[in-house]
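Since the structure comes first, as structure tokens, the remarks are kept for the end.
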Amino acid sequence: MKDSARDFYDSLAADYHRIFPDWDASMTRQAAALDALVRRELGAGPHRLLDCACGIGTQAIGLARAGHRVAGSDVSPVAAARAAVEAAARGVALPAVAADMRRLPFGPGAFDVVVCADNSLAHLLTARDVAAALREMRRVLTDGGLLLLTLRDYDDLRRTRPASAPPQVSHGTDGRSITFQLWHWHDDGERYDQEYFQLVPEGDGWEVRVRRTASWALTRSEVTEAVTAADFTDVTWQMPETSGFYQPVLAARARPR
């Protein structure tokens, strides 16, 4: 993952909750959708689960509250540290470390489930890096273990190439904040640069915070091919209307070796 992604999430970590109208409600809703998929595939558990792009804990905390034994890792040490603190404040343990998903610091077969959510894989901008990350996810999964990976609906976005994402209004103890993105598509029609704007209350006005990063708009067929090549099988996609999760979700099983 490029340093720009780590720097982006280091900078955003303190404000990441502002992406959501109500972060705790989103945390509960997203974990419920992912937990239902885990239970359907593997049974009630609890299961050993790694969130390999845990950020500040949006999915990991809720999954820990659902009873799973969750560990987190993230390319951003600032985000990973906040995830552990936020989990403790909500009464659950979430050991979280700073780690690049292409080089996970866990042993082979350490987990029953690996989650890679919130469009995190898209920050890897080459096929080689995507393959390296997926191989690592497979390595740390037990045979037959479950991969859950979520991305934006890039099948549609590659076709329409929007110039922006809809604004989100968050309500917090310091008032309302507004988050919106501008997207600048590369000539290849697949990758794009993001300008991430947040308007945060400051006195009688607003402070404008701007962060920048890049993403690769991987289609579902491209991701399916890469996941299959990384030694996964039984690849399926669940769309939001059936999964309850806000992005398309890929589910796959680690092929026994």
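Coordinate-derived values only; no laboratory data. The structure presented is a predicted model; accordingly, all values stated were derived computationally and were not measured. Reconstructed Cβ throughout: ideal geometry from the backbone, glycine too, with neighbour counts over all protein chains shown.
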### Message
If amide hydrogens are placed 1.01 Å from N in the peptide plane, which non-local residues have theirs closer than 5 Å to the one on residue 191?
### Response
186, 217
### Separation of alpha-carbon centers, region 141-166 and region 1-73, rounded to whole Å
16 Å
### Task
Would you kindly derive the ³J(HN,Hα) couplings of region 197-206 from the backbone phi angles with the Karplus curve 6.51 cos²θ - 1.76 cosθ + 1.60 (θ = phi - 60°), listing them in order in whole Hz, with x for Gly and Pro?
9, 10, 9, 10, x, 8, x, 8, x, 9
### Task
Starting from the Cα-Cα distance between residue 135 and residue 229, subtract it from 0.36 nm times their residue separation and give me the gain in nm to one decimal.
33.0 nm
### Query
So what J values fall out for region 34-39 if you push phi through Karplus, 6.51 cos²θ - 1.76 cosθ + 1.60 with θ = phi - 60°, rounded to Hz, Gly and Pro as x?
5, 4, 4, 5, 4, 5
### Query
Which whole-Hz ³J(HN,Hα) couplings does region 228-239 yield from phi under the Karplus relation 6.51 cos²θ - 1.76 cosθ + 1.60, θ = phi - 60°, glycine and proline marked x?
4, 5, 8, 6, 10, 9, 6, 6, 9, 10, 10, 8
### Dipole of the chain, positive direction: furthest Cα of 121, 72, 5, with charges on the beta-carbon
72
### Task
May I ask you to order 88-100, 42-54, 215-227, 166-178 by the average number of other C-beta atoms within 10 Å around their residues, highest value first?
42-54, 215-227, 88-100, 166-178
### Task
For residue 176, list long-range residues whose amide hydrogen, built 1.01 Å from N in the peptide plane, is under 5 Å from its own amide hydrogen.
none
### Additional length obtainable on full extension of the chain from residue 36 to residue 69, 0.36 nm per residue less Cα span
10.3 nm
#### Entry: Separation in nanometres of the label points that stand 7 Å from Cα toward Cβ, at residue 14 and residue 184
2.6 nm
